[in-house]
Amino acid sequence: MNMRSLKAMLVAGVMLPAAHAGATDLEVTHWWTSGGEAAAVKELATAFDATGNKWVDGAIAGSGSTARPIMISRITGGDPMGATQFNHGRQAQELVESGLMRDLSDVAEAGKWLDVIKPASLLKSCTLDGKIYCVPVNIHSWQWLWLSNAAFKKAGVEVPKNWNEFVAAAPKLKEAGIQPLALGGQSWQANGLFDTLLLSIGGKDLYEKIYQEKDAEAAAGPDMAKIFAAAAQARQMAAGSNVQDWNQATNLVLTGKAGGQVMGDWAQGEFQMAGQVAGTDYSCLPGLGLSQYITTGGDAFYFPLLEDEEKSKAQEVLAQTILDPKTQVAFNLKKGSLPVRGDVDLASANECMKKGLDIVAKGNALTSTDQLLSADTQKQKEDLMTEFFANASTTPEAAQKRFADIIGSAN
């Protein structure tokens, strides 16, 4: 698609996808397979199909840690898909550096992405050597505590207003036969829980000292020792979860079998799919109720270089469709995430989404670990946290020592 046809799609600075003569099938790979995620993906597919093209769904079950190696293998092996999901940050950096991903700078300029995508760090994470290689689709934040109001009512205690009250309520939940903290067995879940404790309890300065400055001395210090002590409490509260996938852990909360779950705002989509109402059936505490800071990571789509000219044109249309204001609202309301456009109408947002929007509006959104750390460093952290949460004999002191070593060699 040339620049003239792109400009024809602009109305008041908004890019509106339209059907064109070269309509074609485009395979899109992603790892969105839970109920809420599938409902959100359907919104993207419907919007893209409306352009005259065809979304060919390439869902890969098992979360990003399972899907990413498959996606990367296909691209490096000469069997690229039309578009693929990665998280904002450095997960696709080596593919870009190898010349396997498409430069979207012309499409971004025509769509005024620099003006409409907020915060700017999202687009920055798609940029390498001044060129834009991906299109952000949402803003996700990890720092949320999701609580079952029914579980606490059954246990005879007030719904907690913060993490400390949640920890204090754990014995009462156990007495009532309720799992205090739901935690799935996938490594990224334990890793995300730990990072949430770090930011929410340790604060912004400690978070940035560890992950932005890569300060090994701080990682080995007394402030981090408090985080590992909190992680040990969380480990004790999570003992007996006996589920693997994150949405299975969320289901324990929405059915009242568990008191709470620390999980990103995508969990909200599961509550919505179950017909539950924020503030009535469940409660949501950003920053674990202790902090007014969240990180802004999320998902983005990358477009492998293709030889097929028609599929290449369809890639451009999909990029435009993802950022269309109506698509942004429809997708993110189902996904539980925030839109990447700062100019969309979110009057229909629920209580939890409004809390997230308010934090972002205050300028309290920090860079996520996916953007600050390499995939290799993230994997090392995941392995450590998996071992720590699965094995109660691993002491906080021993885990902290290994953590400090990881941070000291991080890139």
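The values are calculated or read from the model by the stated rules, or taken from the named source; none is laboratory data. What you see is a predicted model; the values in this text were computed from it and never measured. When we count neighbours, we look across all protein chains shown, and the Cβ atoms used for this are built from the backbone with ideal geometry, even at glycine. Remember, those area values only see protein heavy atoms, side chains included, never the ligands or the DNA or RNA. Shrake-Rupley method; radii C 1.70, N 1.55, O 1.52, S 1.80 Å.
Check each of the GluC sites (Glu not before Pro) in region 96-171 and keep only those in coil by DSSP with at most 16 other C-beta atoms within 10 angstrom; list them in order.
Glu158
Amide H to amide H under 5 Å from Trp32: which residues, 5+ apart in sequence or cross-chain, H placed 1.01 Å off N in plane?
When sequence neighbours closer than 5 places are left aside, the close amide H contacts are Ile60.
What is the P(r) of region 19-74, as percent of Cα-Cα pairs per 10 Å bin from 0?
Pair shares across the bins are 23, 45, 27, 5.
For the chain, what is the accessible area per residue in Å² when the probe is 1.4 Å? Kindly include the intermediate steps, with their values, before the conclusion.
Values: 16390 Å² over 411 residues.
Per-residue value: 40 Å².
Please list, short to long, the whole-number percent of alpha-carbon pairs of the chain in consecutive 20 angstrom bins beginning at zero.
28, 57, 15, 0
Using a 1.4 Å probe over the heavy atoms of the protein chains, calculate the carbon and sulfur portion of the accessible area of region 218-289 as a whole percent.
Within region 218-289, the accessible surface is 48 percent carbon and sulfur.
Over the chain, what is the relative contact order in whole percent, taking alpha-carbon pairs under 8 Å and six or more residues apart?
So the answer I get is 27 percent.
Starting from the Cα-Cα distance between Glu175 and Glu97, subtract it from 0.36 nm times their residue separation and give me the gain in nm to one decimal.
Stretched out fully, the Glu175 to Glu97 stretch lengthens by 22.6 nm.
Take every DSSP beta bridge with both residues inside the chain and express the antiparallel ones as a percent of the total, to the nearest 5.
In the chain, DSSP labels about 60 percent of beta bridges as antiparallel.
Taking only the C-alpha atoms, wrap a convex hull around region 278-333 and report its volume per residue in Å³ as a whole number.
About 128 Å³ per residue, rounded to a whole number.
Based on alpha-carbon atoms only, what is the radius of gyration of region 139-213 relative to the globular estimate 2.2 N^0.38 Å? Display every interim value, and only then the final one.
On the way: Rg = 14.5 Å, N = 75, 2.2 N^0.38 = 11.3 Å.
In units of the 2.2 N^0.38 Å rule of thumb, it is 1.27.
If you line up the long axis of helix 187-197 against the longest principal axis of the chain, both from Cα atoms, how many degrees apart are they, to the nearest 10?
Orientation of helix 187-197: about 70 degrees from the principal axis.
In 10 Å bins starting at 0, how do the alpha-carbon pair distances of region 125-254 split up by percent?
Distribution as computed: 11, 35, 31, 17, 5, 1 percent.
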